[in-house]
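Only the coordinates and a few stated rules stand behind these numbers; no lab work does. Everything numeric in this text was worked out from a predicted model, so none of it was measured. Reconstructed Cβ throughout: ideal geometry from the backbone, glycine too, with neighbour counts over all protein chains shown.
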Amino acid sequence: MVQSVRTGEHRPAGVIDANRSEPWWDTYREVITGTEFVSAFLTLGLTLISWVIWLGFGDDPVWSVASVVTGWVGALVGGAVIARGAIAGLWNREVNVDELVTIAIVASLVIGEYWGAALVAFMMLFGKVLEDVTAARANDAIEGLGRMVPSVASRRDGHGETIVPVDALVAGDIVVVRPGERLPADGTVVAGQALIDESGITGEFVPASRSIGDSVHAGTLATGGALDIRVARVGEATTLGRIATLVRDAETDRAPIVRIADTWAQWFTPVILVLAFAVYLATGDFLPAVSVLVVACPCALTLATPTAIVATVARSARQGILVRGGGRLEAAGRVDVICLDKTGTLTTGRPRVAKVIPMEGIQATDLIASAARAERLSEHPLARAILNAASEQASGLAAGINASAGTDADAGHVTGFEAVAGSGVVALVSGVAGTSLGGEASRHGSAEVIVGRPDLLIERGVVWTDEAASHFDAIERDGMSPVAVSISGKVAGVIAITDTVRPHAAVAIASLRRSGMRRIILLTGDRAGPALAVARAVGIPEADVRPGLLPEQKASVIQSLREEGHRVAMVGDGVNDAPALASADVAIAMGGIGSDLTLASADVILMTDDLRQVATVLRDARHALDTIRQNLVIATVWNVAAVALAAIGLAGIVPGALIHNIGSVGVVVNAARLVGRPTPSA
């Protein structure tokens, strides 16, 4: 594509085949050109040549020598690679598998079993190559993210459009994206409207409509429209780049079960050396002692376990689920209790005002306007509902409370603002309608406006009237969220806000139960009425609903569950639920696309708002742990049986090498299945 720019050939910027897959050579190039693969190929080739010479010309002294030399060279080629790893381990004062294999190869050569030594070296290298192939398959899924970004972009400036390399883009540039092109950078739409296929990032295949003011992301595909985009981030700073970096880092994070296997392997090596020496003392024969060394190498433990972790992390990334490493994956696999926030997790997080009940002496429109002015600096979803309701009123009033308008400051200027976590907001606002309430405010003065829970109003000296309490309780009984409003120390009214339960929330809860969750608990700062209404809609028992919780109280509930011996996962939005997420064994944040805080803090990040992915990641984590346990059992039983056969002389060096590596290859293949394992239906 860069070449087309140099030659002047016209080609739309960023047009690539969304279904393009890399040739197998590109996927496995590093494996094929790696030291292990080349050494294994040479070792096998030289050993086969040695066999052929011996079988065809073994009676001829010259050819017999050639057979021996070729066999020795084959063993030394493969053995040198393994010995290098053994020396590195000794240099770092570590006992590893390479040391045991090196001793087995040297011992085989000493007793003249050069074919056996070569076969041991080949099988060990073959196991490593097989692990590299599995890792390459997993990494190809991650590298595919990078291939989604075009190499050039169409940049618009005062002189028109210019095709430039994506690396030349900087924040503030305007790029043009036409139908069928992929976006070259993260940014904000400044002109146009289009459907954006975000499946490569979120896993969601239904295109999302994007227009002026919306955020868009590099690597997504524009369809059905053209966009002008103001660049915000390019390269590794984009959401796509951060995802790829996160997954690569996750692959290097070692799960506790992997470290346990490595520790066991370190102790295993000296034990096997003692066992081999005991066999020699008992039999007086080097052959069974060397065979014990060959069959006992714990290759399966050190190869198959990390392979399962890498395969699962990569597979999850392809589904729009980011797991921050093997430790988090293992923790997710052990979860038995899951806690969920309500707003934005079980519900869409887009609440709307359903009813406005003003007290005597104030109009409903004035009540909404005053509450909106107070909530203007709040990021709470309920605040957004009030702001949206106010903006739908008369255009003159909307201009007074719109945070982005920047006009008519006297109509809604906030001179003081305080957000009380889990309770509401307190603001000193100018231009508030409240004179008839008996307060000191006027349309051109300032008044203290409180929006939130009755407790907050009472705490600030507001008298909570029976009339307001009656309306408040009625709204709650109807399954909506009531919000109290006071102006200048007097109750001004109550606003009823409703939210929509996510379409697949009930299916997701049922799937979580089938996946083995012992309890599913709803933690919310909302009152009991709305909380129970949502719980009934999604299938959570009333006994597992915890309403009216402050952020620190949510964290306390999770801590109590952990003290009872449960492994707890918390699902939230990564911002309002920060204390609860930090207290859980596994923090799962939803809707992570574009969120710096979520990408930085959560253990598991769902790039969409599809709650069914929670069950998917927990199921995959459990399957990964089950696979690792299977591998450990298979490897242990296989090694014990092989050592017994070698010790009593039923498995020589060559058969022992075959027996040992059949077990190693088997567990690696078992782990590799995780890369392409189909996703069960919810």
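See the values below:
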| quantity | calculated |
| --- | --- |
| Charge tally in the Cβ shell below 13 Å around Leu382, where Lys, Arg are +1 and Asp, Glu are -1, Leu382 excluded | +2 |
| Packing-based exposure ordering (other Cβ within 10 Å, fewest first) of Asp526, Asp603, Asp214 | Asp214, Asp603, Asp526 |
| Amide hydrogen neighbours beyond the local backbone of Leu340, cut-off 5 Å, H modeled | Ile521, Leu522, Leu523, Val571 |
| Potential extension, Arg460-Gln193 segment - 0.36 nm per residue separation minus Cα distance | 91.4 nm |
| Per-residue HN-Hα couplings for the stretch 606-612 [Karplus 6.51, -1.76, 1.60; θ = phi - 60°; Hz; x = Gly/Pro] | 8, 6, 10, 9, 7, 5, 4 |
| Sequence-distant lysines (8 or more away, or on other chains) whose Cα lies within less than 28 Å of Lys355 | Lys342, Lys490 |
